[in-house]
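Here's the structure, in structure tokens; my notes come after.
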Amino acid sequence: MAPATLALAAWGIVTGVAMVKGGLPVGVALVFSLVAYAGTAQLATLPLILVHAPWPLVMVTATFISLRFVIFSAGIRSAFVRLPLRQRLASAYFQGDLPFVLFSKRFGTVEHDGNETHWGFYYGAALTCFVVWHVSAVAGILLGSLAPTSWGLDFAAALAITAVLIPMVTNVPAVVGLIVTSVLAVLTIRVPFRLGLLASIVCGLGAALAIETVLDRRTSPVVHTVETS
Amino acid sequence: MTGVQDVPYLVVTIGCVAAVSFLSRASFAFLPESVKLPPGVQRSLRHAPVCALAAIVAPAVFTEHGASALSVHNYRIWAVLAAGAVFAKTRNMLAMMVVGMAVFTALRLA
């Protein structure tokens, strides 16, 4: 847990610095970070917000990035399913990449109802991450506002997103999705309102799924198991 | 006008990111126990963040002033390659950021 929270703190600081150096005023960056609690989605929507891209595009982009949380939500559901709705929603609010990974590593997939051990571990991890994240992000925002713009720290945002991206690219379909999306996003950079971005994501995702289907068919006798990490 | 000067726009966009962020995390908290996530759908969902992040990071690295910038003089390409190599090898994000920013700054100022 300790190395993981250190990494989270580093990521929070980088996100904070990148938001301010990307061009958000300190006040807006603080509100954005504290309200959204979204990390990657904050960094990814930042360039769109700066160019005044249509808000539905901002929302769709954030949705694509947040789809991984749907998997997490399904993954931990059985541990919380018997609790009242309010408690289920509270557990969801504190969900994040790190709590999910830690919880899955500790308990695997919880097949039956959760108990105090599950809830205690979950909230221990999730609340720690919550506090570490907000403290480090606020620190990053304040530090970022002190650093001169000439240092080029806005580039840190691209590096930070790359760091999130690399561990996700673990198989051939993901590589295809990455390449198709990247090439199209660069080629369509002049399309008004950054709408080329949306087209790139849809085409990249389509290409990834097509390749996945083809590869699956070729290895059809093998039953695929879904890793949970 | 940039988005930063438009306060209603900021309220809507920040509200959207916050709402999407919460709703995605709470998605299965709303659904009855009988609704399961089929493995096929689950695997498809895993590719969506890759594509969304690539669509953001590729233009930030490979374009300049609204045009593609695929040249050896684009320092950001070298910086991302160096940073990516460091991260792939060490899985250390801080080391990656330091190397990436160092390469970027050194080339820029050279």
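The trypsin sites (Lys or Arg not before Pro) found in segment A:25-85 that occupy coil by DSSP, while having at most 16 further C-beta atoms within 10 Å, are A:Arg82.
Projecting the Cα positions of A:Gly196, A:Pro173, A:Thr219 onto the charge dipole of segment A:113-229 (unit charges on Cβ atoms of Lys, Arg, Asp and Glu, taken about the Cα centre) puts A:Gly196 furthest along the positive direction. Computed from phi, the 3J(HN,Hα) profile of segment A:44-58 under the Karplus parametrisation 6.51, -1.76, 1.60 (θ = phi - 60°) reads 6, 7, 3, x, 5, 5, 5, 8, 6, 4, x, 4, x, 5, 4 Hz, with x in place of Gly and Pro.
The three principal axes of the C-alpha atoms in segment B:1-98 carry coordinate ranges of 55, 41, 25 Å, sorted with the longest axis first.
With contacts taken as Cα pairs under 8 Å at a separation of at least 6 residues, chain A carries a relative contact order of 31 percent.
The HN-Hα couplings worked out from phi for segment B:50-59 by the Karplus form 6.51 cos²θ - 1.76 cosθ + 1.60 (θ = phi - 60°) are 4, 5, 5, 5, 4, 5, 8, 7, 4, x Hz, whole numbers, x standing for Gly and Pro. Full extension of the segment from A:His134 to A:Leu195, taken as 0.36 nm per residue of separation minus the current Cα-Cα distance, would add 18.8 nm. Residues whose amide H falls under 5 Å from that of B:Thr63, counting only those 5 or more places apart or on a different chain, are B:Ala69, with hydrogens built in the peptide plane. The phi-based Karplus calculation (6.51 cos²θ - 1.76 cosθ + 1.60; θ = phi - 60°) puts the 3J(HN,Hα) values of segment A:78-89 at 4, 6, 10, 4, 7, 7, x, 3, 4, 6, 5, 5 Hz, whole numbers, x for Gly and Pro.
Angle of helix B:93-109 to the longest C-alpha principal axis of chain B, folded into 0 to 90 degrees and rounded to 10: 40°. Among the trypsin sites (Lys or Arg not before Pro) in segment A:130-229, those placed in a DSSP loop whose Cβ has at most 16 other Cβ atoms within 10 Å are A:Arg190.
Taking all Cα-Cα distances within chain A, those exceeding 23 Å account for 56%.
Take every Cα pair under 8 Å in chain B that's 6+ residues apart, average their separations, divide by the length, and report that relative contact order as a whole percent.
Details: 44 pairs, mean separation 15.9, N = 110.
After rounding, I find 14 percent.
Each 10 Å bin from 0 upward holds the following percent of the Cα-Cα pairs of segment A:1-134: 11, 39, 32, 15, 3. Partner lysines whose Cα lies under 30 Å from the Cα of B:Lys36, excluding those fewer than 8 positions away in the same chain, are identified as A:Lys105. Since only B:Gly15, B:Tyr75, B:Ala55 are under comparison, the one whose Cα sits farthest along the positive direction of the charge dipole of segment B:1-76, derived from C-beta charges on Lys, Arg, Asp and Glu, is B:Ala55.
If exposed trypsin sites (Lys or Arg not before Pro) are those in a DSSP loop with at most 16 other Cβ within 10 Å, what is the longest stretch of chain B that has none? Intermediate results must be reported in sequence, preceding the final value.
Values: sites that count: B:Lys36, B:Arg91.
It runs B:37-90.
For A:Val81, the residues whose amide H sits under 5 Å from its own are A:Gly114, ignoring neighbours fewer than 5 places away on the same chain, with H placed 1.01 Å from N.
Values quoted throughout were computed directly from the atomic coordinates according to the rules given, and no laboratory measurement underlies them. Note that the coordinates shown come from a computational prediction; the quantities given were computed from them, not determined experimentally. For neighbour counting, all protein chains shown are included, and Cβ atoms are generated from backbone atoms with ideal geometry for every residue, glycine included.
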